[in-house]
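No lab work stands behind these numbers, since they all come straight from the coordinates. Here the structure is a predicted model, which is why all the values come from computation and not from measurement. FYI the Cβ positions are ideal-geometry reconstructions off the backbone, even for glycines, and counts take in every protein chain you see.
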Amino acid sequence: MVAVALGVVMWVRGGSDPAARAQRPDRELCTPGTPRSVLCPNNKGFEAKEYATHGDAFDCINFATQADAQAVLRADPGDPNRLDGGGGVACRGLPEPRDTEPVPQTAQRFTCAPGDTRSALCPQPERAFDARYFLRYGNDAYDCPDFASQADAQAVLRFAPADPNRLDDEGKGIACPDLPGPKDVRPVRR
């Protein structure tokens, strides 16, 4: 009987697995005045300036959402935390809500390296295009403005017809129809 009771208590508290306990928010830390973070993802208050004034003290893993990380990048476009993964968009791999409108001051400093894939930041047609690059951060990390052309966005949809980036809003099998050419309007079966 004691063993069963002890098992129930361990199950309710998350067991003896420290990794499982680390993923659960600590209710004692997540008081109403605590800012939203990865440890307290449901807290309401978030002050971007608090994260922008401490130099290189925070990484993407410290933020509950991509929009929070983007707010920090907007608060200080100098990006002391190095959150910008390129093009003025911070921490693309974080969950929703998302804010992928580039911060102009950081986007202007971006330069294409020799091995970079073709994108809106590196639109040169002679650059190689790798659809896998736009799937590396998981679901909904890239939007239509991240692509150099409609054909590139369509290549990503062809590579991953489940459309994790939500490039085909109309469900017609054509990604980002408003992007400039070259175009590939042969529908992808979904």
Near GLN150, within a Cβ-to-Cβ distance under 9 Å, what is the net charge of the other residues, with Lys and Arg +1 and Asp and Glu -1?
-2
Packing rank of 57-68, 41-52, where each peptide gets the mean count of other beta carbons within 10 Å, highest leading:
57-68, 41-52
Residue-count net charge about ASP184 - beta-carbon cut-off 12 Å; Lys, Arg +1, Asp, Glu -1
+2
Percent relative contact order for region 70-183, counting Cα pairs under 8 Å at least six residues apart, stands at 19 percent
Among 169-181, 153-165, the order from most to least packed when residues are scored by Cβ within 10 Å on average:
153-165, 169-181
Separation of the HIS54 and LEU39 label points, Cα + 7 Å toward Cβ, nm
1.0 nm
Hey, what do the phi angles of region 139-154 turn into as Karplus ³J(HN,Hα) couplings, whole Hz, using 6.51/-1.76/1.60 and θ = phi - 60°, x for Gly and Pro?
5, 6, 8, 10, 10, 3, x, 7, 9, 6, 8, 5, 4, 5, 5, 5
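Lys and Arg at +1, Asp and Glu at -1: add these up for the other residues within a Cβ distance under 11 Å of ASP169 and post the number.
The answer is -3.
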